[in-house]
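As structure tokens, the structure follows; a few thoughts come after it.
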């Protein structure tokens, strides 16, 4: 009864520690010429809640199973070399901490998702300050919860999608914090599948083959202050609900099939204060409803926002649209979305009453982008004089683009 | 022919208009680079200017020069000089001086702003080469128009119409046909239609070399597959060359037959 509540267990541990009985936590030193030179063997003889200190050196081990609560800490980044034979760490116990290891050479397999660190059905884990290189999958969390992945550096050298893995993958995991990690050169930087209540903050995900961040069927997640740069296709958020995306930067996702962010079947999300800079498509939206876009900056994209279809009751308020080739592309004559109080760099209206709001509504859909949506081949007329002329005439009196798709209160100056 | 070329060329080089033209490009280049220091971005903006302005100026300048130097031409015709070489000389004089203004006017600011050290040098060279081609093409066309029309107003009218057709109306017809026949595969058609108009061809050639070509998406991929290869590049250069040679041949043909 007394020990059943986890807090009581900690209090008991603290008490025993204070009276000087080292029953709970003994420390094991591991180094190549010590008594204990193998991580695997030391784990096998250690007791729960012990600490393993791995000294500097190279340890050629793989399939290390951590099946009891342990703190495994590297001193001066010891190298754990899997020699491309398989998975390296497999954590299958609650309360495990991994700290400060340099893990290389995860085995590539076409039948098994080998990871540098795999956490299976565990709670309260902490994985921090790890460096992973030459990997297949990086950190793979499987049916785990209440953990933290903090300040890791994952550097892959992926070339093809079919034989590379994801940097950080969460599968059926909940209530996890992913904080201050750096992921590059993997297939998907961070991948979530069926994972709810995840917080992803201050990470950098760049130069990945496919997506910087990829959501599938994951709800109630928050990602903020992350940077996604130069990924194969940007960030994809698909089939998820109640996602909050705040203050992220999406940069230089440039290519014929690339975008800053792809939203597909996303409902009730909030997209606030993000920066989309130099992407072929800033946000590609498909079948997404009730999303609030507020205070975002769209700078120098090919298309700032491309609405592909079936998007209702979205609101775009107080965003900056600066120097995009197309501000908005829209494929139907029906519009149920609200555009209000945005700044558009190509707005040419005036403000006679000096209240900072333009007196003439702005129509963000160019006729050209409408035509291109209808007949994609017409894109070859990009930047021709003829297109500039008809865009101008359409803007004066809209015929083809949705009549109510307009910003009735365009800002005269950029939102600060 | 070379004497007349030399004469026309020096005459134009000394004239106010080439200076204005030269200074215009010089100012444009400096202002663009001053506003954004990025050489490769300036190339995109320049492309817009070049594709519209060079044909227009080439056309108007060519017609103007022909009509203005009529008396001198008649004087030359009285001398024992081959007719072809008189007109060829004038043509190359005009086109050459315009091209020189373009190359120097844009070249100087870009070189000063570190073009040689940037990797945009190939794009920039392509820009100048297509600019030169467009100058030669449109000066040639305007000479043909001018020589076939005694009436100055008519000549000017036709020349401007020609420019309007190739720069604006052609794209309009192109767009209409793309939309009308949208049910059919249009890749080959749009390739051919683009290649047939020197202005469109130059635009696509330059666009494909720039980052912005990613916007072209699927269609761009097809274009890139054609124009991006060495063969495609050679074909498009050949088409531009053909566009240059045809007016010159026409000019020679007309000059031989015309009764002054």
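The values are calculated or read from the model by the stated rules, or taken from the named source; none is laboratory data. This one's a predicted model, so the numbers in the text were calculated from it and none came from an experiment. Methodologically, a virtual Cβ is constructed for each residue, glycine included, from the backbone with ideal geometry; neighbour enumeration extends over all protein chains shown.
Taken over segment A:334-362, residues that are part of a loop (DSSP other than H, G, I, E, B) and farther than 21 Å from residue A:281 by Cα amount to 16.
Of all the numbered requirements in (1) surrounded by 15 or more Cβ atoms within 10 Å (Cβ to Cβ); (2) at pLDDT below 90; (3) within 14 Å of chain A (Cβ to nearest Cβ), residue B:17 misses one, and that requirement is (3). For segment A:140-159, the count of residues that are crowded, with 16+ Cβ neighbours inside 10 Å and modelled with pLDDT under 90 is nonzero. Starting from residues that are surrounded by fewer than 24 Cβ atoms within 10 Å (Cβ to Cβ) and at negative phi, keep the ones in segment A:264-283 and report whichever is nearest to the other protein chains (Cβ to nearest Cβ). Ranking the candidates gives A:277 first. The residue list B:233, B:223 contains one member that is away from chain A (no Cβ under 14 Å), surrounded by 14 or more Cβ atoms within 10 Å (Cβ to Cβ) and assigned to a helix (DSSP H, G or I), which is B:233.
Within the option set B:92, B:34, B:110, being within 27 Å of residue B:201 (Cβ to Cβ), more than 14 Å from chain A (Cβ to nearest Cβ) and more than 17 Å from the chain's Cα centre (by Cα) holds for one residue only, B:110. Scanning segment A:288-314 for residues that are surrounded by fewer than 22 Cβ atoms within 10 Å (Cβ to Cβ) and under 18 Å from residue A:233 (Cβ atoms) gives a single hit, A:308.
Residues are listed down the side, and each one gets a yes or a no for (1) free of Cβ contacts under 8 Å to residues at least 24 places away in the same chain; (2) more than 17 Å from residue B:247 (Cα to Cα); (3) away from chain A (no Cβ under 11 Å):
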site: B:40; (1), (2), (3): no, yes, yes
site: B:44; (1), (2), (3): no, yes, no
site: B:47; (1), (2), (3): no, yes, no
site: B:51; (1), (2), (3): no, yes, no
site: B:55; (1), (2), (3): no, no, no
site: B:61; (1), (2), (3): no, no, yes
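For segment A:369-399, taking the residues that are in contact with a strand residue (DSSP E or B) (Cβ under 9 Å, 6 or more places away or on another chain) and either within 11 Å of chain B (Cβ to nearest Cβ) or closer than 24 Å to residue B:193 by Cα (or both), the one that is surrounded by the fewest Cβ atoms within 10 Å (Cβ to Cβ) is identified as A:373. Exactly one residue out of A:406, A:413, A:366, A:317 is under 19 Å from residue A:304 (Cβ atoms), loosely packed, with under 15 Cβ neighbours inside 10 Å and in contact (Cβ under 8 Å) with a residue 12 or more places away in the chain: that is A:413.
Only one of the listed residues (B:141, B:166, B:175, B:162) is within 14 Å of chain A (Cβ to nearest Cβ) and touching a residue at least 60 places away in the same chain (Cβ under 8 Å). That residue is B:166.
Applying the set (1) touching a residue at least 24 places away in the same chain (Cβ under 8 Å); (2) farther than 22 Å from residue A:298 by Cα; (3) more than 14 Å from chain B (Cβ to nearest Cβ) to residue A:352 leaves exactly one unmet item: (1). Each residue in segment B:178-212 was checked for being more than 30 Å from residue B:120 (Cα to Cα), facing chain A (nearest Cβ under 8 Å) and in a helix (DSSP H, G or I), and 2 pass. The number of residues in segment A:202-219 that are part of a strand (DSSP E or B) and over 11 Å from the mean Cα position of the chain (by Cα) comes to 1. Counting only helices (runs of 4 or more DSSP H) that fall entirely inside segment B:30-145 and contain at least 3 residues that are at pLDDT below 90 and crowded, with 20+ Cβ neighbours inside 10 Å, the qualifying elements are B:39-68, B:83-112. Among the residues of segment A:318-333, those that are modelled with pLDDT under 90, at negative phi and in a loop (DSSP other than H, G, I, E, B) comprise A:324, A:325, A:331, A:332, A:333. Within segment B:170-188, the residues that satisfy the criterion of being over 21 Å from residue A:370 (Cβ atoms) and surrounded by fewer than 18 Cβ atoms within 10 Å (Cβ to Cβ) are B:185, B:187, B:188.
Checking segment B:239-254 against the condition returns no match, with no residue being within 14 Å of chain A (Cβ to nearest Cβ), more than 19 Å from residue B:197 (Cβ to Cβ) and assigned to a helix (DSSP H, G or I). Annotation note: of A:301, A:284, the sole residue that is within 24 Å of the chain's Cα centre (by Cα) and part of a strand (DSSP E or B) is A:284. Only strands (runs of 3 or more DSSP E) whose full extent lies in segment A:220-263 are considered here, and none of them has at least 3 residues that are touching a residue at least 60 places away in the same chain (Cβ under 8 Å) and either more than 11 Å from the chain's Cα centre (by Cα) or surrounded by fewer than 20 Cβ atoms within 10 Å (Cβ to Cβ) (or both).
Only residues that are modelled with pLDDT under 90 and over 14 Å from residue A:378 (Cα atoms): list them for segment B:155-202, please. Answer for segment B:155-202, where residues must be modelled with pLDDT under 90 and over 14 Å from residue A:378 (Cα atoms): just B:195. Among the numbered conditions (1) within 31 Å of the chain's Cα centre (by Cα); (2) within 27 Å of residue A:232 (Cα to Cα); (3) modelled with pLDDT of 85 or more, the only one that residue A:338 does not meet is (2).
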